[in-house]
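In what follows, a structure is listed as structure tokens, so that the remarks can point back to it.
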Amino acid sequence: MNKQEGFSASEFLNEASQENIAKVLFEFGEEKNSRAIAKKIIELRLKEKISRTFQLKKIVENLTPERFITKSLARVFQALRIYVNDELGELTEFLDKSVNLLNKNGRIAVLTFHSLEDRIVKEKFKYESLSCICPPGTPICICSKKQKLKLITSKPVVPAESEIENNRRARSAKLRAAERI
């Protein structure tokens, strides 16, 4: 499922296997109906090239109960965006570089908007805040791991209800912060 450089969503939908499309929709969009959507994409592209978002929208609408259409469409288009732009890979690379570039007492704060991003930030900050990664029960440390960060936020900071009322798009935001030691 490795992304190719310069690969568009249209090219992906028109060339990828049904299994790969379903995997991208499920892993990057957490879309429960990914297999059925992938199957319909394959069926449509046998008749015509998929080149418009409207074509994909129709597929999702035809397979999704009316009350879940908006959420499902958001997940499908999110999955394609994340995959085509390699957003999670870019985030991982950013975190690796930024932690190493921080001066002592320098701080890093990352604002995420969905669980896939938040998980990457949480795990990176947690890993860099550990001083040993030896298996439990090892009598002495043999890993030589050095702690680079101290967590400022043990849990993510989330928006208050009043902020969500003023800005609905803030509802999924999570802020995590750490300091270089």
*What helices does the chain hold that run 15 Å or longer along their axis, going by alpha-carbon atoms, with a Kyte-Doolittle average of -0.5 or more, using DSSP H for the helix calls?*
18-29, 34-47, 53-63, 69-85, 87-101
*LEU175 to ARG107: extension gain in nm, 0.36 nm per residue of separation minus the Cα-Cα distance?*
23.2 nm
_region 9-85 - percent relative contact order, Cα under 8 Å, separation 6 or more_ = 41 percent
*If you find the alpha carbon centre of region 123-181 and of region 28-59, how far apart are they in angstrom?*
37 Å
*Diagonalise the Cα gyration tensor of region 1-130 and give the resulting equivalent ellipsoid semi-axes, square root of 5 times each eigenvalue, largest first, whole Å.*
34, 16, 11
*So how far apart, in nm, are the two label points at SER51 and ARG168 if each is 7 Å from Cα heading toward Cβ?*
3.4 nm
*What number, in percent, do you get for the relative contact order of the chain if the mean sequence gap of Cα pairs under 8 Å and at least 6 apart is divided by its residue count?*
19 percent
*Packing rank of 129-139, 157-167, 75-85, where each peptide gets the mean count of other beta carbons within 10 Å, highest leading*: 75-85, 157-167, 129-139
_Furthest towards positive pole of dipole, ASN85, SER17, VAL121, structure part the chain, Cβ charges_ = VAL121
*Could you name the lysines in cross-link range of LYS104, using Cα to Cα under 19 Å and dropping any fewer than eight places away on the same chain?*
LYS124, LYS126, LYS145, LYS146, LYS148, LYS150
*In square nanometres, what is the average projected area of the Cα convex hull of region 22-82?*
3.7 nm²
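FYI, it's all coordinate maths here, none of it is from the lab. Just so it is clear, the structure is predicted and the values come from calculations on it, not from any experiment. Counting neighbours? That spans all protein chains shown, and the Cβs are built from the backbone with ideal geometry, glycine included.
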